[in-house]
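The values are calculated or read from the model by the stated rules, or taken from the named source; none is laboratory data. For clarity, every value in this text was computed on a predicted model and none was experimentally measured. Cβ sites come from the backbone with ideal geometry, for glycine too, and all protein chains shown count toward neighbours.
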Amino acid sequence: MKSDEIQIRVRYGETDQMGVVHHGNYALYLEMGRIEWLRKLGISYKEMEENGIMLPVVSMTLNFKKPAHYDDLINVKTQLKNRPSAKIEFEFEITDENGLMITSANVILAFIDMKTNRPVRAPQYILDIIDN
């Protein structure tokens, strides 16, 4: 399935007293990877919301292998796991500059109609883009 990769420089405020990236920041890194994955396909999360569809996270699993530290340059690889339905699932690999695994993750989001607050199938234009 389609994948993308971004680089992020770890900022001081993302670390704890030990100089290690606080675990809560990994959710932000995954979101950054996911948003850029969508953007590079020509899918705007902002426009999706303006059209009444939101994508809340319904499941997130992280497996920490080694720590990231202040000023490290990390790579976030985002890969679509399968064709979206009423949900969309991504797998992630966060690696250091040498390609060593820092964290692997899986995130599932649901397509939700903002008016009814109910799950809906993925919009057809998104499926068309993914299928090409």
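Do we find that E5 is assigned to a strand (DSSP E or B) and under 29 Å from D128 (Cβ atoms) in this structure?
yes
Going through the range 42-60 one residue at a time, which ones are in contact (Cβ under 8 Å) with a residue 60 or more places away in the chain, in a loop (DSSP other than H, G, I, E, B) and loosely packed, with under 15 Cβ neighbours inside 10 Å?
G42, N51, G52
Which number in (1) farther than 20 Å from G24 by Cβ; (2) more than 15 Å from the chain's Cα centre (by Cα); (3) modelled with pLDDT of 95 or more marks the one condition that K66 misses?
(1)
Would you please name the residue that is surrounded by the most Cβ atoms within 10 Å (Cβ to Cβ), looking only at residues in the range 32-41 that are under 21 Å from R11 (Cβ atoms) and touching a residue at least 24 places away in the same chain (Cβ under 8 Å)?
The extreme case among them is G33.
Conditions first: (1) at pLDDT below 95; (2) closer than 14 Å to V107 by Cβ. E89 passes all but one, so which condition is the exception?
Only one criterion in (1) at pLDDT below 95; (2) closer than 14 Å to V107 by Cβ is unmet by E89, namely (1).
Counting only residues that are closer than 16 Å to E36 by Cα and polar (S, T, N, Q), which one in the range 73-88 is surrounded by the most Cβ atoms within 10 Å (Cβ to Cβ)?
T78
Just one of (1) outside any strand (DSSP E or B); (2) touching a helix residue (DSSP H, G or I) at 6+ places or on another chain (Cβ under 6 Å); (3) of a type outside the set (S, T, Y) trips up D71, so point out which.
Among (1) outside any strand (DSSP E or B); (2) touching a helix residue (DSSP H, G or I) at 6+ places or on another chain (Cβ under 6 Å); (3) of a type outside the set (S, T, Y), D71 violates only (2).
Given the criteria closer than 30 Å to Y125 by Cβ, surrounded by fewer than 17 Cβ atoms within 10 Å (Cβ to Cβ) and among the polar types (S, T, N, Q), does N63 qualify?
No: the conditions fail for N63.
Against the condition under 13 Å from the mean Cα position of the chain (by Cα) and among the polar types (S, T, N, Q), how does N75 come out, does it pass?
It is true that N75 is under 13 Å from the mean Cα position of the chain (by Cα) and among the polar types (S, T, N, Q).
I'm trying to understand the selection: among the residues of the range 1-15, which are at pLDDT 95 or above, charged (D, E, K, R) and surrounded by fewer than 13 Cβ atoms within 10 Å (Cβ to Cβ)?
R9, R11
Conditions (1) assigned to a loop (DSSP other than H, G, I, E, B); (2) among the hydrophobic types (A, V, I, L, M, F, W, C); (3) buried (at least 17 other Cβ atoms within 10 Å of the Cβ), marked per residue:
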position	(1), (2), (3)
F90	no, yes, yes
I94	no, yes, yes
G99	yes, no, no
S104	no, no, no
L109	no, yes, yes
K115	yes, no, no
R121	yes, no, no
I126	no, yes, yes
I129	no, yes, no
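Looking at the range 16-31, is at least one residue surrounded by 11 or more Cβ atoms within 10 Å (Cβ to Cβ), in contact with a Gly (Cβ under 7 Å, 6 or more places away or on another chain), of a type in the set (V, I, T) and outside any helix (DSSP H, G or I)?
The answer is no; no qualifying residue exists.
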